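The values are calculated or read from the model by the stated rules, or taken from the named source; none is laboratory data. As the structure is a prediction and not an experimental result, all values here were calculated from the model. Cβ: placed from backbone, ideal geometry, glycine included. Neighbour counts: every protein chain shown.
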There are 2 protein chains.
Amino acid sequence: MEKVRIESMDAYVYPMPMTIIGAVVDGKPNFMAAAWVSRVNFKPPMMMVALGAHHTNLGIEANAAFSVNVPDVSLLEKTDYCGIVSGKKTDKSQLFGVFYGSLPGAPLIRECPLNIACRLNQTVKLPFDTLYIGDVVEVYTEERCLTDGKPDIKKIDPFTLTMPANRYWRVGEEAGKAWSAGKKLKA
Amino acid sequence: MEKVRIESMDAYVYPMPMTIIGAVVDGKPNFMAAAWVSRVNFKPPMMMVALGAHHTNLGIEANAAFSVNVPDVSLLEKTDYCGIVSGKKTDKSQLFGVFYGSLPGAPLIRECPLNIACRLNQTVKLPFDTLYIGDVVEVYTEERCLTDGKPDIKKIDPFTLTMPANRYWRVGEEAGKAWSAGKKLKA
């Protein structure tokens with residue numbers, strides 16, 4: 001296996017989960033597309049999103065709240081639109097149906113099959129991006145997305161992003177069982 | 001769309017990219033499976049991984065370095081094994097072929113189609129997990145994984161994780177072009 005070096009700027013994990021981040025800016029819900037998002041703490045559950053200098057950041061910081069919404073493939077164009085049009089110039093508050101849990105600063109997208117409302121816990125400033133780390137306050141889905149009471153990725157039908165190729169991808173076939181497939185290698 | 005609430009502990013993005021984190025512990029390469037990993041800064045490129053209290057952490061902190069390796073589906077069992085067996089009890093240094101870039105603390109896995117060597121930049125302690133944020137120093141792939149000089153996800157053939165269902169997933173069909181598919185919604 002001959003290795004070749006590529007640009008450090010092209011360091012990405014493959015693939016990245018596509019989400020829509022919600023916040024309330026100047027009294028109105030605003031939404032942006034983001035793929036640099038991850039669970040970051042087991043107990044209590046916490047989520048992280050890394051954002052450049054976006055309009056959304058103003059709302060996250062003002063209200064100490066944000067939402068992580070997982071769109072399905074039918075929302076791909078709207079998700080992408082949220083990623084190419086800034087809330088600074090364009091009102092995106094009517095793009096989706098919006099509902100709220102207990103956090104008035106975390107607008108949740110009715111059309112998205114999974115919604116996570118977060119209270120801002122801490123902020124980490126990096127040279128270009130800011131990490132917003134939030135405590136998970138509520139998680140919503142729909143009955144049709146559950147199998148045995150757990151979210152089922154095939155029913156959620158999310159999509160992922162690859163950079164620098166800038167492509168979205170569906171989820172494919174099941175490849176194995178986690179914390180199980182490797183047992184046969186145990187001595 | 002009737003919404004139902006689920007447990008906050010079940011707050012995950014769908015799906016999560018599966019990686020193998022490398023570090024040198026007590027002079028030996030050690031590897032663990034991790035899916036809470038993301039790019040977190042645009043310029044300069046930085047990566048983040050959130051880890052519980054693992055053997056790997058000792059090496060990351062001692063050498064201020066770690067690696068993010070993206071395994072392909074053929075490495076699924078070995079990856080899972082890295083996630084269920086601790087380096088504290090089991091020597092995983094012979095599990096893969098190992099090579100190094102300029103960081104002696106960031107062991108890179110020869111069999112993985114993508115390797116990212118990181119110098120630890122900062123550490124964020126959360127209640128349960130620790131965020132290790134690193135500057136990307138080098139990125140390696142193989143010629144066979146490139147299309148037009150960029151990493152090609154179909155050639156890399158990575159897999160993703162879903163929790164709490166604990167399943168791995170292949171990447172499916174292309175679903176659209178990023179920063180493009182939403183243009184038709186522009187007024």
(request) Assess whether A:Trp169 counts as being without any contact (Cβ under 8 Å) to a residue 40 or more places away in the chain, at the interface with chain B (Cβ under 7 Å from one of its Cβ atoms) and over 20 Å from A:Ala65 (Cβ atoms). (result) no
(message) Can you tell me how many residues within segment A:154-172 are buried (at least 21 other Cβ atoms within 10 Å of the Cβ) and assigned to a helix (DSSP H, G or I)?
(response) 1
(request) For segment A:4-24, name all the residues that are in contact with a helix residue (DSSP H, G or I) (Cβ under 7 Å, 6 or more places away or on another chain) and either at pLDDT below 95 or buried (at least 24 other Cβ atoms within 10 Å of the Cβ) (or both). (result) A:Tyr14, A:Pro15, A:Met18, A:Ile20, A:Ile21, A:Ala23, A:Val24
(request) Go through the residues of segment A:29-47 one by one and say whether even a single one is of a type in the set (Ser, Thr, Tyr), modelled with pLDDT of 95 or more and touching a Lys or Arg at 6+ places or on another chain (Cβ under 9 Å). (result) no
(message) Just to be sure before I move on: is A:Ala175 within 16 Å of the chain's Cα centre (by Cα) and either outside any loop (DSSP other than H, G, I, E, B) or touching a residue at least 12 places away in the same chain (Cβ under 8 Å) (or both) in the structure I sent?
(response) no
(request) Report, by residue number, each residue of segment A:116-152 that is without any contact (Cβ under 8 Å) to a residue 40 or more places away in the chain, in a strand (DSSP E or B) and charged (D, E, K, R). (result) A:Lys125, A:Glu138, A:Glu142, A:Lys150
(request) Could you tell me which residue of segment A:2-28 is nearest to the other protein chains (Cβ to nearest Cβ), considering only residues that are assigned to a strand (DSSP E or B) and closer than 21 Å to B:Gly182 by Cα? (result) A:Pro17
(request) Considering (1) more than 7 Å from every other protein chain (Cβ to nearest Cβ); (2) touching a Lys or Arg at 6+ places or on another chain (Cβ under 9 Å), say which one B:Tyr140 fails and leave the rest. (result) (1)
(message) Go through segment A:29-67 and report how many residues are part of a loop (DSSP other than H, G, I, E, B) and more than 7 Å from every other protein chain (Cβ to nearest Cβ).
(response) 4
(request) Kindly indicate whether B:Pro127 is within 20 Å of B:Val37 (Cα to Cα), facing chain A (nearest Cβ under 10 Å) and surrounded by fewer than 16 Cβ atoms within 10 Å (Cβ to Cβ). (result) yes
(request) Look through B:Asp26, B:Asp72, B:Asp91, B:Asp80 and report the one residue that is at positive phi and among the charged types (D, E, K, R). (result) B:Asp26
(request) Tell me which residues, restricted to segment B:52-79, are of a type in the set (Ser, Thr, Tyr) and within 15 Å of the chain's Cα centre (by Cα). (result) B:Thr56, B:Ser67, B:Thr79
(request) Kindly indicate whether any position in segment B:96-112 is surrounded by 20 or more Cβ atoms within 10 Å (Cβ to Cβ) and either of a type in the set (S, T, N, Q) or outside any loop (DSSP other than H, G, I, E, B) (or both). (result) yes
(request) Evaluate the following for B:Gly176: is it surrounded by fewer than 23 Cβ atoms within 10 Å (Cβ to Cβ), within 21 Å of A:Gly172 (Cβ to Cβ), modelled with pLDDT of 95 or more and facing another protein chain (nearest Cβ under 7 Å)? (result) yes
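Results for (1) more than 8 Å from chain A (Cβ to nearest Cβ); (2) of a type in the set (D, E, K, R), shown as yes or no for each residue.
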site: B:Val73; (1), (2): no, no
site: B:Leu76; (1), (2): no, no
site: B:Ile84; (1), (2): no, no
site: B:Leu103; (1), (2): yes, no
site: B:Arg110; (1), (2): no, yes
